[in-house]
Amino acid sequence: MTTAYADSENPYEPPEVETHADRSPGRTIDFGAVMRRWENLRHIYNGLLTVLVLSVTIAAAPQAFLNPMFWVAVLFGAVIANLCFMIGPAIDAYLLWFRKGHIAISAFMFLAGTLIACWLAICFLMDAFPILERIGK
């Protein structure tokens, strides 16, 4: 009598099953490399937003730095901005997985996302400092 585990030393080892998954070399991506690239871009993103918020605040209403609610709002905005930033590497990884990714697409996503974040930061500051609305007119 032969058993299903005659070739294996361990009778509890599951049998090998043939699958029909796509195992071509181009089908796998190095998600770590994608994350490292975007983490380097995160420093630029956060730096631009920090310089923008601080410079506009200094120019428009330096007394805001003394208001604790200003810092709560800035911290909340920074957390939301970084959560939104994570959309970029996720889309980039999926595009690479589906073989549609390209460095130009990644650069476009980064630039577009950074411009949107800067615009939202300016909108926040205009709401916080009504004097900016008069300057913009």
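Brief remarks follow.
- Residue match in the range 94-102 (condition: among the hydroxyl-bearing types (S, T, Y), free of Cβ contacts under 8 Å to residues at least 12 places away in the same chain, part of a helix (DSSP H, G or I) and farther than 12 Å from Y45 by Cβ): yes
- Residue match in the range 84-96 (condition: closer than 22 Å to M126 by Cβ and surrounded by fewer than 17 Cβ atoms within 10 Å (Cβ to Cβ)): yes
- Looking across the range 33-83, just one residue is surrounded by fewer than 16 Cβ atoms within 10 Å (Cβ to Cβ) and part of a loop (DSSP other than H, G, I, E, B), and that is N67.
- Every residue from the range 62-90 that is closer than 14 Å to T50 by Cβ and within 22 Å of the chain's Cα centre (by Cα): V74, L75, G77, A78, V79, A81, N82, F85
- Of everything in the range 58-112 that is closer than 21 Å to G32 by Cβ and among the small types (G, A, S), the residue that is modelled with the lowest pLDDT is G101.
- Subset of the range 34-48 that is among the aliphatic types (A, V, I, L, M) and closer than 15 Å to L111 by Cα - its residue that is farthest from the chain's Cα centre (by Cα): L48
The values are calculated or read from the model by the stated rules, or taken from the named source; none is laboratory data. Everything numeric here is computed off the predicted structure, so don't read it as measured data. Counting neighbours? That spans all protein chains shown, and the Cβs are built from the backbone with ideal geometry, glycine included.
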